[in-house]
Amino acid sequence: MNSNFPRLLSLLRKERGISQKNAAKELGVSQALLSHYEKGIRECGLSFVVRAADFYDVSCDYLLGRSPERKGTTLSAEDLHDPYNQKEMPNPKTLKAVYNKKLLFCSLNILFDVLSKSGSSNMMNEISNFLCLSVYRMFRVVFRINKKNQDEMFVVADPIANQRAQAEMIRAESTADVISRATLPKIYGEPKNPEQAHINNELLEKNYPNDKSALLNLIKNCEILITKSK
């Protein structure tokens, strides 16, 4: 059995708010045996995996860590919700958050479009990884707010997750930078169409009329933040 199974088995029980004793009774095993399964001390048979999946209403693929979706579905780009036209309900308490979220979303539209035009799949992957890791790190910070949140949701332990993610972000950023400068083209390649990555205010206005203002404001806000300490 893989290492994800004990973690997810424990997470599902805790999320449902039932004791190990009651869960063991429902699953037809002793509490001691269930405890061993949840701690990864012993491996269970396939029949138990199926019973646990049925009991917690998840797929076996999810329980075994093969899919992050509880129903075991494989997510494609077409399946993802597109928030571009999503309407936000006005709320003075969350106005700043909504503003920043829209700045980020519109700016990312431009960033990824320019990246795709430049013709560097390696650079696209590195920048995508960097951005995903930044969201992952902040999600784990927010996750800590409620002490009842179960750490079993994650594979990597909290004390080391941030440092490892940060290290990977530094690696991704440095690699993307090397690619953008074509410093080591034999190792990392270089953008095939650098002329397509030409950016100025006129082109932003022409190519991204709906997103241009958001990007310019994001740049302004960030530069205010990084020059505050001067």
Exercise. Obtain the radius of gyration and the Kirkwood radius of the chain from its C-alpha atoms and give Rg over Rh.
Key: 1.07
Exercise. Give the ranking of PHE139, PHE112, PHE48 by solvent-accessible surface, highest area first, calculated with a 1.4 Å probe.
Key: PHE139, PHE112, PHE48
Self-check item: Farthest positive-ward along the stretch 116-155 dipole, Cα basis, beta-carbon charges - from ILE145, ASN122, LEU133
Solution: ILE145
Self-check item: Cα-based Rg / Dmax (Å) for the stretch 178-230
Solution: 15.5, 40
Exercise. Mind checking the per residue accessible area of the chain for me, 1.4 Å probe, whole number of Å²?
Key: 69 Å²
Quiz prompt | Probe 1.4 Å, all protein chains present, accessible-area order of GLU38, GLU190, GLU43, GLU168, largest first | solution = GLU43, GLU190, GLU168, GLU38
Quiz prompt | Pairwise label distance in nanometres, HIS36 with MET153, each label 7 Å out on the Cα-Cβ vector | solution = 3.2 nm
Quiz item: For the stretch 97-230, what is the relative contact order in percent, using Cα pairs closer than 8 Å and at least 6 residues apart in sequence?
Solution: 43 percent
Quiz item: Residues with beta-carbon under 12 Å from that of LYS39, excluding LYS39: net charge, scoring Lys, Arg +1 and Asp, Glu -1?
Solution: -1
Quiz item: When the chain is fully extended, how far beyond the present Cα-Cα distance does ALA161 get from GLU195, taking 0.36 nm per residue of separation?
Solution: 8.4 nm
Exercise. May I ask you to evaluate 6.51 cos²θ - 1.76 cosθ + 1.60, the Karplus curve with θ = phi - 60°, for each residue of the stretch 129-137 and list the ³J(HN,Hα) values in order in whole Hz, giving x for glycine and proline?
Key: 4, 4, 5, 4, 5, 5, 5, 4, 5
Quiz item: Of the heavy-atom accessible surface of the stretch 87-213 (probe 1.4 angstrom), what whole percent is carbon and sulfur?
Solution: 60 percent
Quiz item: Using a 1.4 Å probe, how large is the accessible area of TYR56, given in Å² and rounded to the nearest 10?
Solution: 10 Å²
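Working out 0.36 nm times the residue gap between PHE143 and SER19, then minus their Cα-Cα distance, what length gain in nm do you get to one decimal? Can you show the working numbers first?
Details: separation 124, 0.36 × 124 = 44.64 nm, distance 2.31 nm.
Extending this stretch completely gives an extra 42.3 nm.
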Exercise. Would you work out the relative contact order for the chain, in percent, from Cα pairs under 8 angstrom that are 6 or more residues apart?
Key: 22 percent
Quiz item: For the residue pair SER3 and LEU46, what label-to-label distance in nm results when each label sits 7 Å from Cα along the Cα-to-beta-carbon direction?
Solution: 2.5 nm
Self-check item: Given LYS21/LYS148; LYS14/LYS148; LYS117/LYS206, the pairs whose alpha carbons are separated by over 18 Å
Solution: LYS21/LYS148
Practice problem: Could you pull the accessible area for PHE55 with a 1.4 Å probe, rounded to 10 Å²? | Solution: 50 Å²
Exercise. Would you tell me the accessible area of VAL50, worked out with a 1.4 angstrom probe on the heavy atoms of the protein chains, in Å² to the nearest 10?
Key: 70 Å²
Self-check item: Distance (nanometres) between label positions extended 7 Å along Cα→Cβ at ASN221 and PHE105
Solution: 1.4 nm
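The values are calculated or read from the model by the stated rules, or taken from the named source; none is laboratory data. Keep in mind that this is a model prediction, so the values were computed, not measured. All Cβ positions, glycine included, derive from the backbone under ideal geometry; neighbour counts span all protein chains shown. The protein model used for the area step is the full one, side chains on, heavy atoms only, and it has no ligands, DNA or RNA in it. Shrake-Rupley method; radii C 1.70, N 1.55, O 1.52, S 1.80 Å.
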